[in-house]
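Novice: Sharing a structure, written as structure tokens. Questions coming.
The values are calculated or read from the model by the stated rules, or taken from the named source; none is laboratory data. Note that the structure is a prediction, hence the values are computed from the model and not measured. Heads up, the Cβs are rebuilt from the backbone with ideal geometry, glycines too, and the neighbour counts pull from every protein chain shown. Surface accessibility is based on the protein's heavy atoms, side chains included, excluding ligands, DNA and RNA. Shrake-Rupley method; radii C 1.70, N 1.55, O 1.52, S 1.80 Å.
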Amino acid sequence: LVAAELLANHPDADTVEIAFSFSASGMSGPAAGEFAHRHLTAARRHRTGVIPFPPPIGRRRCLEFAESEEAWLGALPERRAVTTYARFAPRVLNAALLAVNELRLMSTLPRAAFVRGPTTPPTEATTEPVTEWVAVRRRDTLLAATTIEGEGGYRLTAAATVVLADALLDENGPSAVEPGCFDPQELFTLEQLEADLREAGVRVVQQPAASVR
């Protein structure tokens with residue numbers, strides 16, 4: 001929904017840029033580790049880019065990530081380019097991965113470093129700070145950027161899912177739509193759901209477009 005709003009406001013954009021946040025303390029279970037390991041080791045070396053995150057994070061060099069997935073945006077970008085980055089926390093982990101990437105050794109990262117053996121599952125979802133970056137560019141000029149912020153990656157995912165489900169069930173929602181499969185932006189706009197998302201702990205924050213890569 002954030003990407004859809006940015007593209008609607010800037011139809012001249014030629015690139016959609018998304019940077020995901022991954023926290024070593026926030027990933028739990030083998031599936032999360034498998035996901036990160038699979039995409040990191042898909043190439044010997046990934047391209048990198050500097051993302052101007054808002055404070056307290058600031059500008060960070062990030063690895064391009066899951067390049068073939070085009071940020072899981074489906075048909076939304078149309079013919080625009082999509083670049084997806086990953087920022088890892090803590091900062092020392094991000095620096096280590098950048099160093100391995102520079103040596104062209106990403107494909108040799110051991111699976112065991114990401115997928116731990118049997119452990120006692122946590123009783124509560126983590127609350128580490130999460131900041132996701134979504135932006136649109138034209139010829140490398142940043143046109144507009146928005147961050148999605150909150151506490152705990154799993155918590156934010158669950159909260160957004162419930163907001164969407166409630167909106168679908170609302171009697172004033174898209175009840176007249178024929179049955180089928182839809183992307184969220186085909187049924188809702190960010191403006192329609194933003195207040196409910198904020199109440200659920202998912203903050204959508206517009207950022208100043210004052211950076212040029």
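Novice: Mind checking which pairs have a first residue in the range 8-20 that is closer than 19 Å to Arg139 by Cβ and a second that is crowded, with 20+ Cβ neighbours inside 10 Å and aromatic (Phe, Trp, Tyr), Cβ under 7 Å, 6 or more apart or different chains?
Specialist: Hits for this filter: Ile18/Trp133.
Novice: Let me ask you something else. On the given criteria, is Ala36 touching a strand residue (DSSP E or B) at 6+ places or on another chain (Cβ under 9 Å) and either at pLDDT 90 or above or not in a loop (DSSP other than H, G, I, E, B) (or both)?
Specialist: When the stated conditions are applied, Ala36 passes them.
Novice: To continue, here is another question. Just the residues that are outside any strand (DSSP E or B), within 26 Å of Gln207 (Cα to Cα) and not hydroxyl-bearing (Ser, Thr, Tyr), please, taken from the range 123-137.
Specialist: Glu128
Novice: Now for a different question. Restricting to the range 81-112, name every residue that is of a type in the set (Lys, Arg) and open to solvent by less than 60 Å² (accessible area, probe 1.4 Å).
Specialist: Passing the criteria: only Arg87.
Novice: For the range 131-178: of the residues being in contact with a helix residue (DSSP H, G or I) (Cβ under 6 Å, 6 or more places away or on another chain), of a type in the set (Val, Ile, Thr) and in contact (Cβ under 8 Å) with a residue 40 or more places away in the chain, which is farthest from Thr15 (Cα to Cα)?
Specialist: The extreme case among them is Thr146.
Novice: To continue, here is another question. Could you tell me whether Pro56 is open to solvent by 60 Å² or more (accessible area, probe 1.4 Å), part of a loop (DSSP other than H, G, I, E, B) and closer than 19 Å to Gly153 by Cα?
Specialist: yes
Novice: Please enumerate the residues belonging to the range 179-204 that are open to solvent by 50 Å² or more (accessible area, probe 1.4 Å) and touching a residue at least 24 places away in the same chain (Cβ under 8 Å).
Specialist: Asp183, Pro184, Gln185, Thr189, Glu191, Gln192, Asp196, Arg203, listed by residue number.
Novice: Of everything in the range 169-188 that's of a type in the set (S, T, N, Q) and outside any helix (DSSP H, G or I), which residue is modelled with the lowest pLDDT?
Specialist: Here the answer is Ser175.
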